[in-house]
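Down below is the structure, laid out as structure tokens.
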């Protein structure tokens, strides 16, 4: 599954269960649970808390 912005966010932690399911943990939820879901519904297309990893490019609002 495509996680959207989560794939390039510095606050994400990819979690794989023992049964092979993939989850995307938002570490911003630890400090601001009222604003961020611990496990957001995917794909995340917009997020006010998104910050890129060092290798990620910022999201584009342009549609192809």
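Some observations on this one:
- Selection of the stretch 9-32 for residues being within 11 Å of residue 47 (Cβ to Cβ) and in a helix (DSSP H, G or I) yields only 28.
- If you go through the stretch 4-13 and keep only what is surrounded by fewer than 18 Cβ atoms within 10 Å (Cβ to Cβ) and either over 13 Å from residue 39 (Cα atoms) or at pLDDT below 95 (or both), you end up with 7, 8, 10.
The values are calculated or read from the model by the stated rules, or taken from the named source; none is laboratory data. Treat the numbers as computed from the prediction; the structure is a model and nothing was measured. Quick reminder, even Gly has a Cβ in these numbers, built from the backbone with ideal geometry, and neighbours come from all protein chains shown.
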